[in-house]
Amino acid sequence: MARMSYLDAGRRALTEEMERDPAVWALGEDLGRGGVFGQYRGLQEMFGKDRVADTPISEACILGAAVGAAMTGTRPVVEMRFSDFALCAVDELVNQAAKARFMFGGQSRVPLVVREPIGMWRSSAAQHSQSLEAWYAHVPGLVVLCPATPADALGMLKSAIRCDDPVVLMEHKNLWALEGEVPEGEHLVPLGRAETVRAGRDLTLVTWSAMRQPCLKAAEALARDGIEVEVIDLRSLWPWDRDAVMESVARTGRLLVVHEAVAVAGFGAEIAASVAEALHPQLKTAVRRLGAPRIPIAYAPPMEDEVRVSEAKIIETARAMLAPERAG
Amino acid sequence: MKTPANLDLPRLQALHALMWRIRAFEEAAIAAQREGLVLGAIHPSIGQEAVAAGVCANLDRADLLLSTHRGHGHTLAKGADALAMMRELFGRSGGTCGGKGGSMHIADFGVGMLGANGVVGANIPIAVGAAQALRLRGSDAIVTCIFGDGAINRGPFLEGLNWARVFDLPVLFVCEDNGFSATTRTAELTGGDGAAVRAESLGIPADSLDGNDLIALDAAARGAIAAVREGGGPRLLHCKTYRISGHTAVDPATYRPAEEVEDWRRACPIDRLAGTLEMAGIDPAALNDARRAAEAEMAEAMAAARASDWPDAALAFADVQDAGDPRERAF
């Protein structure tokens, strides 16, 4: 094991895959200068300008070009800078990348990875803070990944690059500096497999991306009161690890889903509905979701904090779900 | 009228026959739609056949082509099989895309045809990326991207042409200008002088051509493709033509005067080439045979498509994705 930041783990993943496979290349804005967060530092010096291409600020063309390149025998890794900017390339991702294999009757695959930095990060306001993972999970053809740890940032980007599907890899900006243990040597995380981060008998807490940490802290606080929470980091939203979630909720009888994205039509709704449909007789209390209120994200910290799901809120909700008068 | 000297008559006869195949394919498709056999929208290119034939005849099989929703002619000219295309329009098994795409998504990767596209201008970024991949792979093939005049008012036109220039990519852009953005005159919707000057403003050499003059188009495409292949970077051909048919096969196109359509019917690129060939001494009977052969081929394709099976409904779950394959678990 080596200690490494989430950001460096992503850089290591791309470096290893570019060394392994000459068909892998990266394109996006400012990559020669390391990318906006430094995720690409040194890569252009190592692989040259053709394989680490600095592009114009043309999001639609960045993603559209990746579609064409992916259909022509290469494996492009697209940098979108902020997931919010990827909205300029929704046609290219949703109508082109996600559809090409299907609508051409399987004549082509579209093996590309779109890296989309998501989430709230130091007063970044409404156009640089969003978590829109549920949008992409809704679109057939796409794979949607949300790594929360350095080890997963490494292993999931590597697996994404080797996947023949278009993959949206959402990296949380607030996690760039997060340090953690990362395996030495080849590390691949299977797509669609959740990680049970903490075992517990009383309640299943499903989360992903940057909410993993407050969820774990909340679970530790609850444990001090004798409430044992099982924390599942979903990691992959599509495909999602239905088996892991169902197995856990069948044991605990309680489900709480926590995500940073807006709660309305968030991916938590899909999990909650699936669990309610499949496990209704085994549920000891109603399934619950915690997410952001349906308001844009503000710049000023007091207003920005209004959309954040806090550790305190998670603890309060979990307690309420376990309170005997609420059980049912 | 004077016949140009040094005409390559066998080549021009072949292109004349190709234009008839395109015309006959689309007329058969329109007839099949009237019979209820072609269910979805089709966008015929009747009157525009010279662009498809003149450009695609100068491409090698290894070269790649990106087309539009009005792409039957381009696809045939790149070498796709007419019966497989007809089956695709009918939504039948054995169609180029197994019946999953229909007219607007016809593709035949086996002949380098990477797809028609239902979104105007969306093929332009895809084309430049394909060219970038060819370069990364050390291929000497080129990419041709055909789009209509409506596409030049979409952002991807600017983004894609600029991209091709800054990366110096082997792409031939072809603006097949039929004068209409769907059913509104493009001139009413477009600032400046259109595709060629916009390309030139980005440093891309461009030629404006009579899109109904097969001989001129063939020569211009040959020159432009040679320049692109030699590493000269992108080029653009702006081909002015006219669609005699409606926007779709069911559009009566009453938004234009009958005399205008009649004028363009007289400017039909197929008849025009036939006239030149006759003057050059080709037997009119041979030219007529080409027409009859094309019509017979497409009538046969139509009959065979009609007799083809529907695809198995379960194939709706195939070729969606590997990770999260809906055939393993339908959520």
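Here are some notes:
- When each full DSSP H helix of chain B is screened for a Cα extent of at least 30 Å along its own axis and an average Kyte-Doolittle hydropathy of at least 0.0, the helices passing are B:9-34.
- Separation of alpha-carbon centers, the stretch A:12-35 and the stretch A:279-305, rounded to whole Å: 36 Å
- Cross-link reach is defined here as a Cα-Cα straight distance under 23 Å, omitting same-chain residues fewer than 8 places apart; for A:Lys217 the lysines meeting it are A:Lys173, A:Lys313.
- In sequence order, calculated HN-Hα J values of the stretch B:244-253 (Karplus, 6.51, -1.76, 1.60; Hz; x Gly/Pro): 6, 6, x, 4, 10, 5, 9, 8, x, 6
- Taken along its three principal axes, the alpha carbon spread of chain A comes to 64, 43, 40 Å, from the longest extent down to the shortest.
- A Förster distance of 30 Å, applied to the separation of the beta-carbon atoms of A:Glu184 and A:Glu45, puts the FRET efficiency at 0.80.
- Amide H to amide H, with H built 1.01 Å from N, B:Gly47 comes under 5 Å of B:Ile244, counting only residues 5 or more places away or on other chains.
- Separation of alpha-carbon centers, the stretch B:244-260 and the stretch A:197-241, rounded to whole Å: 63 Å
- Cα shape, the stretch B:9-306, gyration tensor, a/c 1.5 rule: rounded
- The lysines within cross-link reach of B:Lys100, meaning a Cα-to-Cα straight distance under 18 Å and a gap of 8 or more places when in the same chain, are A:Lys99.
- Subtracting the Cα-Cα distance of A:Ala2 and A:Leu279 from 0.36 nm times their residue separation leaves 95.7 nm of extension gain.
- By the rule of a C-alpha distance below 23 Å, with chain neighbours fewer than 8 residues away ignored, the lysines paired with A:Lys49 are A:Lys158.
- Angle between chain A longest axis and helix A:150-162 axis [Cα atoms, degrees, rounded to 10]: 50 degrees
- What separates the Cα centres of the stretch B:274-320 and the stretch B:1-74 is a distance of 10 Å.
- Taking amide H as placed 1.01 Å from N in the peptide plane, the amide H of A:Arg198 sits under 5 Å from that of A:Val231, each at least 5 places away or on another chain.
- Each residue, A:Ala125 and B:Arg11, gets one label point 7 Å from its Cα in the Cβ direction; the gap between the two is 5.9 nm.
- The HN-Hα couplings worked out from phi for the stretch A:131-141 by the Karplus form 6.51 cos²θ - 1.76 cosθ + 1.60 (θ = phi - 60°) are 10, 10, 4, 5, 4, 6, 4, 6, 9, x, x Hz, whole numbers, x standing for Gly and Pro.
- Length released on extending from B:Arg34 to B:Asp312, taking residue separation times 0.36 nm less the Cα-Cα span: 97.6 nm
- Mean ellipticity per residue at 222 nm, deg cm²/dmol - from DSSP H runs of n ≥ 4 across the protein assembly as shown, formula -39500 (n - 2.57): -11500 deg cm²/dmol
- Whether the stretch B:141-296 is rounded, prolate or oblate, judged on the alpha carbon gyration tensor where a/c under 1.5 counts as rounded: oblate
- Three-way shape label, the stretch B:35-99, alpha-carbon gyration tensor, a/c 1.5: oblate
- In order through the stretch A:188-196: 3J(HN,Hα) via Karplus (6.51 cos²θ - 1.76 cosθ + 1.60), integer Hz, x for Gly, Pro: 10, 9, x, 6, x, 10, 7, 10, 7
- Based on C-alpha pairs under 8 angstrom that are at least 6 apart in sequence, chain A has a relative contact order of 16 percent.
- Taking the Cα centre of chain A as origin and assigning +1 to Lys and Arg Cβ atoms and -1 to Asp and Glu Cβ atoms, the resulting dipole is close to 420 debye.
- Comparing mean-square fluctuations of B:Ala226, B:Ala195, B:Ala107 from a GNM of chain B with C-alpha springs under 10 Å, the top value falls on B:Ala226.
- Fluctuation leader among B:Thr190, B:Thr96, B:Thr75 - chain B, Gaussian network, Cα springs under 10 angstrom: B:Thr190
- Loop-located trypsin sites (Lys or Arg not before Pro) across the stretch B:232-331 with a Cβ neighbour count of 16 or fewer within 10 Å are B:Arg327, B:Arg329, with loop assigned by DSSP.
- Farthest positive-ward along chain B dipole, Cα basis, beta-carbon charges - from B:Ala290, B:Val120, B:Val38: B:Val120
- Note on chain B: GNM, Cα springs under 10 Å; of B:Ser308, B:Ser139, B:Ser181, the largest mean-square fluctuation is that of B:Ser139.
Values in this text are rule-based calculations from the coordinates and carry no lab data. These numbers were taken from a predicted model, which means no experiment stands behind them. A quick note on method: Cβ atoms are made from the backbone with ideal geometry, for glycine too, and the neighbour counts reach across all protein chains shown.
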